[in-house]
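K.L.:
Got a structure for you, written out below as structure tokens; questions coming shortly.
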Amino acid sequence: MNETAAVFTGIKDFSGFSRMEPGRDPVRTVIHAEVFEEGGLPVFEVCAKSFLWNMVRGMAGFLFAAGMGMAGPAEAEAQIERHIWRVHPAAAEGLVLWDFECGISFTPMRQRDEVSRQLFSAAEKSRQETLVSEALLGSKRDELLSDAVFRNYGSLLKKQM
């Protein structure tokens, strides 16, 4: 099985191992593919830059056939080169997405100065209105907020109780 898995590494057309979507490029780069035993069970580990829909399940299904002696590295190479048939994908049960890396660092967008000024102004106005309301009503902010929630959503709260 491990020898057959090694055939999957490299830049290859995996359309025979996946469910193809129209217009999608079937060529993928598989960095690592290996079968090993862990706790008495076979484990298929595959690492690639990207995958096609059902590609890993198709590869796992093919490796199952290899484990049963029905296919081997030569048949895997032939399937990759000629797409002889669509490989029956392995059942999803037992397959686990262990980890992923997308290589994109997230940096929040900087807001334009005008938008920042508007947001700051609205927040300041809200703070001032809250302070005035507290002073006039002699209530604390949390009490005002809970009263507003009850006024606006009281009917929903009563239904839940």
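K.L.:
Looking at segment 11-27, can you tell me whether even one residue there is within 21 Å of the chain's Cα centre (by Cα) and among the aromatic types (F, W, Y)?
P.N.:
yes
K.L.:
While we're looking at this one, here's another question. Starting from residues that are at pLDDT 70 or above and charged (D, E, K, R), keep the ones in segment 94-126 and report whichever is nearest to E45 (Cα to Cα). I'd like the intermediate steps shown before the answer.
P.N.:
To start, the set of residues in segment 94-126 that are at pLDDT 70 or above comprises 94-104, 113-126.
Narrowing the set further to residues that are charged (D, E, K, R) leaves 99, 101, 113-114, 117, 124-125.
Values: D99: 11, E101: 15, D113: 49, E114: 51, R117: 51, E124: 54, K125: 57 Å.
My answer is D99.
Results for (1) more than 24 Å from the chain's Cα centre (by Cα); (2) more than 14 Å from A5 (Cα to Cα), shown as yes or no for each residue.
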position: V35; (1), (2): no, no
position: E45; (1), (2): no, no
position: K49; (1), (2): no, yes
position: E77; (1), (2): yes, no
position: E93; (1), (2): no, yes
position: D113; (1), (2): yes, yes
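K.L.:
Moving on to the next point. Could you check segment 1-37 and list, in sequence order, the residues that are open to solvent by less than 70 Å² (accessible area, probe 1.4 Å) and assigned to a strand (DSSP E or B)?
P.N.:
Correct list: G10, K12, D13, V27, R28, T29, V30, H32, A33, E34, V35, F36.
K.L.:
Scanning for something small (G, A, S) and closer than 17 Å to I80 by Cβ, does segment 35-43 turn up at least one residue? Spell out the reasoning first.
P.N.:
Here is the first cut: in segment 35-43, the residues small (G, A, S) are 39-40.
Next cut, closer than 17 Å to I80 by Cβ only: none.
No - not one qualifying residue is present in segment 35-43.
The values are calculated or read from the model by the stated rules, or taken from the named source; none is laboratory data. Quick caveat, the model's predicted, so the values are computed rather than measured. In this analysis, Cβ positions are derived from the backbone assuming ideal geometry, glycine residues included, and neighbour counts consider all displayed protein chains. These accessible areas exclude ligands, DNA and RNA; they are computed on the full protein's heavy atoms, side chains included. Shrake-Rupley method; radii C 1.70, N 1.55, O 1.52, S 1.80 Å.
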